[in-house]
Amino acid sequence: MVDSDLINMKKLQALIVTVTLFCVLSNSSAQERRLSSEQTTITPIKTLWWIVAEAVTKQNVGAVQGAILQWRDVGTFDAFSIGLLPPTFMDLDSSIALANQLHQLIPQRLILGAFPSGTEGWETSFNQWFAQQLAPLGIVYDSTKAMSREAWLEHLQALEASTWAYVLEQPARHPTAAEVGASVSAFVQHAREQNKGVVLWLSAMMLRQPIDIELVRHLVATVGEQVEAIVWMDVPIVSQDPGRSLEGILDTILTLTPPQKAMIQWTHNPNLITKDTAGTLTYIATCQARGINRFVLLANPSLLQQEPWTTFYHNLPRTTSVEGNDEVPQGFMLYQNYPNPFNPSTTIRFSLPHRSHVTLKVFDVLGREVATLVGGELNAGEHSVVYDAKDLPSGLYFYRLSSSHGTCVKSALLLK
């Protein structure tokens, strides 16, 4: 009787798993169909970064690491960004150690966002308020831990990330153009001495007052040629100010920022235009109409594990470019299949830098070939194949892409 009950319980559990998977995959397919119809309003995005965490601490580093591992091979995000807290928030050496730990997961793709630190006054004037917002992460503001700009920059030499970003929030005390210029210039110079790429992060809240606009103008004139990109955050917030519009904010940004370096950030705050997929697509399309096609997402990792955002970002149209041709991807790449786990079909995407002969095959765990999905000449660009495994049993499978450019292998889990 006990054995029979146990068998029935296992059957029931299996049925629950099967029904759950079917519901998830059915919902995912519906989301894909809706997103596909909406994507006609935007062109493929040239660059997309993801701020996985504004601050990395011992409390959230595990979640950040998991998010990076989940998305690094999908092909949606070109780079991942994390924030390095000032020493008044957290021991700087501990912060650097956590950042270096994450760097090992994505060498050359980690952007380290540093909040300015120093004892000059304005650089730490906003920190106490900011610490209150980060209290759930265990952040406590300690003014006795403040260090000089020179000491802070010296500590940063231990960072392994290949790109550093200077994040200029709206300070509580308005600094002069000379003060900001000195701080940013010191950071940029130090990063260059360490052979790092440099990004400047600015808040659109600095576009509300003429005095701050002139400060930004001075700053861009001082270091604009020395940075790879200038990211504008808080754009959706400021565009909702009375008498303002997103188009107007973008036009102002383009008078201050070289168009080829401008990047626009968004977040899925429920009070902003980007709160849902339709609003986000409208936001992207509006930026693209102004000639801006490089973006940054700020989102908690848990959000991208929820629908509709999981499907949205898996299917967001992307294009990776080489000099002179925006339609040709930079390299030979095989992306993670989606959905994964799957039942019974999944989509496999890959990109080719040049026209070549390609094979895409599927193997079981014993190395036996179970399917040939592609075999022949393909043009340069992105390609996708839908694989239907309805005749195969549940289990782990491997798919291998081979061409004259090399070979890539990834795994896929079939659950029936």
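The values are calculated or read from the model by the stated rules, or taken from the named source; none is laboratory data. Here the structure is a predicted model, which is why all the values come from computation and not from measurement. Cβ sites come from the backbone with ideal geometry, for glycine too, and all protein chains shown count toward neighbours.
One table, with the values for the structure above:
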| quantity | calculated |
| --- | --- |
| Qualifying residues in the stretch 240-283 (those that are of a type in the set (Ser, Thr, Tyr) and farther than 19 Å from Glu214 by Cα) - the one surrounded by the fewest Cβ atoms within 10 Å (Cβ to Cβ) | Ser245 |
| Complete set of residues in the stretch 399-412 that are of a type in the set (A, V, I, L, M) and surrounded by 15 or more Cβ atoms within 10 Å (Cβ to Cβ) | Leu401, Ala412 |
| Residue count, the stretch 143-153 (criterion: at pLDDT 85 or above and not in a loop (DSSP other than H, G, I, E, B)) | 5 |
| Test: residue in the stretch 256-264 that is under 19 Å from the mean Cα position of the chain (by Cα), under 21 Å from Ile111 (Cβ atoms) and not aliphatic (A, V, I, L, M) | yes |
| Considering residues of the stretch 125-137 that are modelled with pLDDT under 65 and in a loop (DSSP other than H, G, I, E, B) only, the residue surrounded by the most Cβ atoms within 10 Å (Cβ to Cβ) | Phe126 |
| Selected residue (criterion: modelled with the lowest pLDDT) from residues of the stretch 85-124 that are under 18 Å from the mean Cα position of the chain (by Cα) and in a loop (DSSP other than H, G, I, E, B) | Gln108 |
| Selection count where residues are under 11 Å from Thr346 (Cβ atoms) and surrounded by fewer than 16 Cβ atoms within 10 Å (Cβ to Cβ), scope the stretch 374-398 | 4 |
| Residue match in the stretch 154-171 (condition: in a helix (DSSP H, G or I) and either touching a residue at least 60 places away in the same chain (Cβ under 8 Å) or within 16 Å of Pro258 (Cα to Cα) (or both)) | yes |
| Filtered residues of the stretch 86-114 (kept if within 17 Å of Glu154 (Cβ to Cβ) and of a type outside the set (S, T, N, Q)) | Pro86, Pro87, Asp91, Leu92, Asp93, Ile96, Ala97, Ala99, Leu112, Ala114 |
| Residue among Val220, Val235 that alone is out of contact with any Ser or Thr (no Cβ under 6 Å at 6 or more places or on another chain) and closer than 16 Å to Ile51 by Cα | Val235 |
| Per-region count, the stretch 153-182, residues touching a Phe, Trp or Tyr at 6+ places or on another chain (Cβ under 8 Å) and of a type outside the set (Val, Ile, Thr) | 14 |
| 1 or more residues of a type in the set (Gly, Ala, Ser) and in contact (Cβ under 8 Å) with a residue 60 or more places away in the chain: qualifying helices (runs of 4 or more DSSP H) within the stretch 234-319 | 277-289 |
| Some residue of the stretch 32-40 being buried (at least 19 other Cβ atoms within 10 Å of the Cβ) and at pLDDT 85 or above | no |
| Strands (runs of 3 or more DSSP E) wholly inside the stretch 355-416 that include at least 3 residues being aliphatic (A, V, I, L, M) and modelled with pLDDT under 90 | 406-414 |
| Lone unmet requirement of (1) at pLDDT below 75; (2) surrounded by fewer than 14 Cβ atoms within 10 Å (Cβ to Cβ); (3) in a helix (DSSP H, G or I) for Val140 | (3) |
| Residues that are under 21 Å from Leu215 (Cβ atoms) and touching a helix residue (DSSP H, G or I) at 6+ places or on another chain (Cβ under 6 Å), drawn from the stretch 187-202 | Val188, Val198 |
| Val199 vs. criteria in a helix (DSSP H, G or I) and either in the same structural domain as Leu84 (by TED's automatic domain parsing) or touching a strand residue (DSSP E or B) at 6+ places or on another chain (Cβ under 6 Å) (or both) | no |
